[in-house]
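Novice: Dropping the structure in here first, questions after.
The values are calculated or read from the model by the stated rules, or taken from the named source; none is laboratory data. No experiment lies behind these values; they were computed from the predicted model shown. As a convention, Cβ positions derive from the backbone with ideal geometry for all residues, glycine included, and neighbour counts pool all protein chains shown.
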Ligand code: ADE
């Protein structure tokens, strides 16, 4: 998969690409990354990329010409363009799976007070990573890049993504490793029992409980099986 990031801060991405999973995906060729500096498409020595908004108001707006020329330069028949904006559709794991299937993804990062609205007509969709305002779309682009890259075939073991939070609409159950007793704080007995049926039921129960307590919005959407209902009914609340 190829990802092109259109930005006015290309340096932001350098250290992030050293993160082990991304570095490996890039090295092994599952991921190809192109970081495009929008300023390169702005004319003159001033590289005029922004201007004040028509109608007045604070801040500066990214101008159509440099952004749309940069987009035209990287676009391909198989590309899909996502603009990162705080008013976009909330980004979820479902989007990550969908976008991981796209052969060429273009991520368009806004800055200052945002984009001239005419730019957004050239994007296939707008996505937001949450209900807060970032100084630029770069941090949001990194979030998408990270969550998509790890889903690409061969980047990490498939089993390790299957049981994760959000994959089946549930938050993930708690996990533990050695030692079984850390200064008196012990691992739940069931995990040391070797009884795989009990362990599976305990994990499912934990995931259901956690989701019900922390994310009632997700819990409401679950299609609970008879076994799930029985687990919630039968097993004690605390491990
Ligand atoms: N740009 C600024 N804030 C953003 C957000 N929350 N999500 C995506 N892009 C943004």
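Novice: Please go through the range 1-32 and give me each residue that is surrounded by fewer than 19 Cβ atoms within 10 Å (Cβ to Cβ), touching a residue at least 24 places away in the same chain (Cβ under 8 Å) and in a helix (DSSP H, G or I), ordered by number. Let's see the steps before the verdict.
Specialist: Initial filter on the range 1-32 (surrounded by fewer than 19 Cβ atoms within 10 Å (Cβ to Cβ)): 2, 9-21, 23-24, 26-30, 32.
This time we only want the ones that are touching a residue at least 24 places away in the same chain (Cβ under 8 Å), so: 2, 9-10, 12-13, 16, 19, 21, 24, 28, 30, 32.
Within the range 1-32, 10, 12, 13, 16, 21, 24, 28 meet the criteria.
Novice: Between a residue in the range 131-142 that is closer than 12 Å to residue 7 by Cβ and any residue that is more than 7 Å from the ligand (Cβ to nearest atom) and assigned to a helix (DSSP H, G or I), which pairs come within a Cβ distance under 7 Å, given they are 6 or more apart or on different chains?
Specialist: 138/12; 142/16
Novice: Something else about it: Answer yes if at least one residue in the range 33-45 is surrounded by fewer than 18 Cβ atoms within 10 Å (Cβ to Cβ), more than 16 Å from the ligand (Cβ to nearest atom), within 19 Å of the chain's Cα centre (by Cα) and farther than 17 Å from residue 123 by Cα, and no otherwise.
Specialist: Yes.
Novice: Run residue 160 past the list (1) assigned to a loop (DSSP other than H, G, I, E, B); (2) more than 16 Å from the ligand (Cβ to nearest atom); (3) exposed (fewer than 14 other Cβ atoms within 10 Å of the Cβ) and report the number of the one that doesn't hold.
Specialist: Residue 160 satisfies every listed condition except (1).
Novice: Can you tell me which of 80, 39 is touching a strand residue (DSSP E or B) at 6+ places or on another chain (Cβ under 7 Å) and on the phi < 0 side of the Ramachandran plot?
Specialist: Working: 39 fails: touching a strand residue (DSSP E or B) at 6+ places or on another chain (Cβ under 7 Å).
Sole residue among the options that is touching a strand residue (DSSP E or B) at 6+ places or on another chain (Cβ under 7 Å) and on the phi < 0 side of the Ramachandran plot: 80.
Novice: If you take the residues in the range 100-140 that are outside any loop (DSSP other than H, G, I, E, B) and within 8 Å of the ligand (Cβ to nearest atom), which one is surrounded by the most Cβ atoms within 10 Å (Cβ to Cβ)?
Specialist: The selected residue is 109.
Novice: Okay, moving on. Which residues, taken from the range 69-99, are assigned to a helix (DSSP H, G or I) and touching a helix residue (DSSP H, G or I) at 6+ places or on another chain (Cβ under 6 Å)?
Specialist: Looking only at the range 69-99, we keep the residues that are assigned to a helix (DSSP H, G or I), and these are 69-74, 93-99.
Answer for the range 69-99, where residues must be assigned to a helix (DSSP H, G or I) and touching a helix residue (DSSP H, G or I) at 6+ places or on another chain (Cβ under 6 Å): 69, 70, 96, 99.
Novice: For residue 61, work out the one condition from (1) surrounded by 13 or more Cβ atoms within 10 Å (Cβ to Cβ); (2) closer than 26 Å to residue 104 by Cβ it doesn't fulfil.
Specialist: (2)
Novice: Now a separate question. So the check is Cβ under 8 Å with 6+ separation or different chains; which pairs have a first residue in the range 163-184 that's at pLDDT 85 or above and a second one that's exposed (fewer than 14 other Cβ atoms within 10 Å of the Cβ)?
Specialist: Partner pairs satisfying both residue conditions: 169/221; 171/214; 172/164; 180/186; 180/192.
Novice: Continuing with this model, one more query. Might you let me know whether the range 165-188 holds any residue that is away from the ligand (no atom under 16 Å from the Cβ), part of a helix (DSSP H, G or I) and touching a helix residue (DSSP H, G or I) at 6+ places or on another chain (Cβ under 6 Å)? Even if it seems obvious, please write down each step before you answer.
Specialist: If we filter the range 165-188 for residues that are away from the ligand (no atom under 16 Å from the Cβ), which is where we start, we get 165-188.
Now drop any that are not part of a helix (DSSP H, G or I), which leaves none.
No, because not a single residue in the range 165-188 is away from the ligand (no atom under 16 Å from the Cβ), part of a helix (DSSP H, G or I) and touching a helix residue (DSSP H, G or I) at 6+ places or on another chain (Cβ under 6 Å).
Novice: Among the residues of the range 178-202, write down those that are under 23 Å from residue 214 (Cβ atoms) and surrounded by fewer than 13 Cβ atoms within 10 Å (Cβ to Cβ). Give the derivation first.
Specialist: Initially, the range 178-202 is screened for residues under 23 Å from residue 214 (Cβ atoms), giving 185, 187-188, 190-191, 199-202.
Across the range 178-202, the qualifying residues are 185, 200.
Novice: Okay, moving on. Out of the residues in the range 141-157 that are within 23 Å of residue 77 (Cβ to Cβ) and near the ligand (Cβ under 10 Å from one of its atoms), which is surrounded by the most Cβ atoms within 10 Å (Cβ to Cβ)?
Specialist: By that ranking, first place goes to 141.
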